[in-house]
Amino acid sequence: MMFTGGATKKKTQSQSTSSSSNSNSGHRRTPHDRYMVDRQRYCSYEVSRQRPDRSGRQLNYQIRQQTAQRDGDNTPTIDEEAAFLSVSGITRRRGAIRHQKVHEVQGHKFVAKFFRQPTFCAFCGDFLWGFGKQGYQCQMCQCAVHKRCHEKILGNCPESGKESKQTIYLQERFKINVPHRFQVHTYVSPSFCDHCGSLLWGVIKQGLKCDLCGTNCHRKCEKQIPNLCGVNQKLLAEALSSVKKGSTSESREGRPALSSSSTTTTTTTSDDDDEGSTTETDSDFSGPAEIRSPLKTRPKFKKYCVDDFRFIKVLGKGSFGKVMLAQQVGTENYFAVKCLKKDVVLEDNDVECTLIERKVLTLGTKHPYLCHLFCSFQTTSHLFFVMEYLTGGDLMFHIQHSGRFDEYRACFYSAEICSGLRFLHNKGIIYRDLKLDNILLDYQGHIRIADFGMCKLQIYLDKFADTFCGTPDYMAPEVIKGQHYNQCVDWWSFGVLLYEMMVGKSPFKGCDEDHLFWLICNEEPFYPRFLTTQAQSLLKQLLDKDCTKRLGIPYSPYGDIQCHPFYKYIDWSKIERKEVETPYKPKLRHILDVQFFDPLFTKRSAALTPIDDSILSSMDQTPFKDFSYTNPNITE
C-alpha cells in the first residue's frame, strides 16, 4: 500500500494549524513547536476519546503559549512532560499486516476474496463454496473463479471484450469471433452473472441475456465479456491441455529410459487423528517444586506425529491458528506447538511464508537467542511446529504489568536482541516483524526471538525487498513509502522496541493507521526527561529516517552499535556465550505454570479445530510435501 492520500491530508491539516497559530502568536514557529502542537492534540484524543480538533483546542492553545516562549529550546517543559505521561501506555497487542498476494495470470490480477453472497465461477460455472476466502477475483475486470481454475483462464484480462487478446488469439487460431447478442431480460428466478459470478439483483430487468447461448451478465459486465458466444471455455482448456500433454509424452518417447531409482516416487502418510487432544485444569498439575528446563531429557531422532504429544493448554491464538503447550508422551519434556490450519494457509497464500518460517527456525539452534525448533510434522488438515517452551511469556505481557523497564534491564534485553538480529542479517535474512509480542523469555530470563513468518531470505549486497508488511507501529518510513529496503528496517523496529521498553509507550501514536504512518514519516518522537543522554542518543540514531545513516547498518556514520556509549557496560563476548546473569527470572510454581500468558487464551480448550471433510478432500497437499522435519541438533 502506497501511503499518499493520508499523508497529503494530514500535512494540509498541520499546515492550516501552523498558519493559524502563526497569526495568533505573531512569530515564526519552529518544526518542534508544530510537532508539540500536533502531539498535544492526539494526547487529548487518547484521554477524552473525542475528535482531536475539538477536544484538544484549549490544550493546543496552552502548548502554543509555552512553545512560543522557548526561543528555540528543545528541552520539554514540565507541562509537556506531564501531558505526555498522562497518555495511557501500551494496553493492547498489535497484529502484523501484509498486502494480499496478487496472482497475475494472462493479464488478470487475481486476489483471494471472501464473497458475501452466493457466487459462481466464471470458468467452470460451479458454485464457489468454502469458509473464509472462497475464490479469486480479478481486480481489473471483477472476474470470479475458483482457486483451482484461475491458472486455466485462456486469455488476457479483457479491457474491452471485443478487443481482448483472448478474442484475437481464438479468432486467429480457431476462427472464433462470435459476439454475444445481449438483450435486457427479466428473470423470474434467482440468476447469476456468468462473468463476475454475483447475483443479478432487482425485480425486473435485472440484467442482460444472450439470445443465442443464454449467457447472463450485469450491464456493467457486458463490455468485459469476450466474443465467445457458444464456446465452453472449460472444455476448450481441457482439450488444449490434453494436446500439450500428448505432444510432451511423444517427445519423451524418443529419449533414453531413466533408471528405476529415479522414477520411483515416495509417498508420505499423515496421521489424521486430530481429535486426540485433551484439556486439563490447573488442579490436575502436580509439577516439581523446583524450577527446571522444560526439556528434561534429550529426545530421540525419529519422525514424529500428532500421537507423540498430549496437548494441555492454549498459550496463544491468532488468525494463523493456535500455540498450545504439549507434553511429549512417555517423557517429562514440554514443548510449545504451533498449529496451522492448512486451508487457512492455502487461502491466504501463506505457503511460502510457512516454509520460510520452518527454514529460519532450523537455524535457531545455531544461536542462543533464536527460538529453537524441535521438529515439524503434518496431518491432512494441520501443520505443526514443535518448538521449545518459553515459560516466561513475551515482553508485551511484562510491559503491560510493569509499565516500563529500568534502563539496565532494557539494555540487557536489547543487547541479546541485537546479537540475534546481527546473526539473522549475516545470513541474509530480514526479520521484518520485531515487536514486544515476538520477544519471549525462557526459564532463566534470557530472551528468544520467535515468529519468523514475515522473514525475507537471500538479501545480500545489492538485493532489496519491497513488500509492504509488518506491524504498523514498528514499520520503517521506507516500508510505508513503498521504497526498496534491506536489513535497515529491522534496526528501525529495534529502536521502536527499545523506546517502548524504556518509556512504556509507543514513540508514534496516531488516531488511525493513516495518521500513524504520517507521524512515522514526518515527525520525531518525544523523549522524556528521565531518559539518560546515552539512551536518547541511541534512540535518535536508531530512529533516523535516513536509512543510509541509521545505526546498526554496516558502515553507518554513527559507528558500530556495539560501541555505542549506551552499551559501555556490556561484555559482548559474554553476551554471545550467554554468560551474563539475567536481571529478572520468571518465578514459576511448577513447570506447567502459565501465569505469564494471557488468561484469555489459557482458559480455552486445548483442542484442534476440525475441518470439514469436503474441504479436506479438495485440498491440495502438494505444497506441503517437504514440510516434515526433525532437528538433529537437539535430538540423539
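The numbers here are math on the coordinates, done by the rules we state, and not lab data. Source: prediction; values computed, not measured. Glycine also receives a Cβ, built like all others from the backbone with ideal geometry; neighbour counts cover every protein chain displayed.
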> Between GLU104 and PHE127, what length in nm is gained on full extension when 0.36 nm per residue of separation is reduced by their alpha carbon distance?
Replying inline: 6.0 nm
>> Please rank GLU478, GLU576, fewest neighbouring Cβ atoms within 10 Å first, as an exposure proxy.
In response: GLU576, GLU478
> In segment 399-587, if every C-alpha pair distance is counted and binned at 10 Å from zero, what percent goes to each bin?
Replying inline: 9, 38, 39, 13, 1
> Percent relative contact order of segment 399-587, based on C-alpha pairs within less than 8 angstrom and at least six residues apart?
Replying inline: 24 percent
> What size of dipole, in debye to the nearest 20, comes out for segment 399-587 about its Cα centre when the only charges are +1 on Lys and Arg C-beta atoms and -1 on Asp and Glu C-beta atoms?
Replying inline: 420 debye
> Can you pick out the pairs among LYS317/LYS585; LYS133/LYS366; LYS341/LYS540; LYS338/LYS427 whose Cα atoms lie more than 32 Å from each other?
Replying inline: LYS133/LYS366; LYS341/LYS540
> Under 19 Å from the 7 Å Cα→Cβ point of VAL329, by amide nitrogen: which residues of segment 609-636?
Replying inline: 609, 629-630
>> Show me the ranking of peptides 220-227, 557-564 by mean Cβ neighbours inside 10 Å, starting with the highest.
In response: 220-227, 557-564
> What does the charge count near PHE182 come to, summing +1 for each Lys or Arg and -1 for each Asp or Glu among other residues with Cβ under 10 Å from its Cβ?
Replying inline: +1
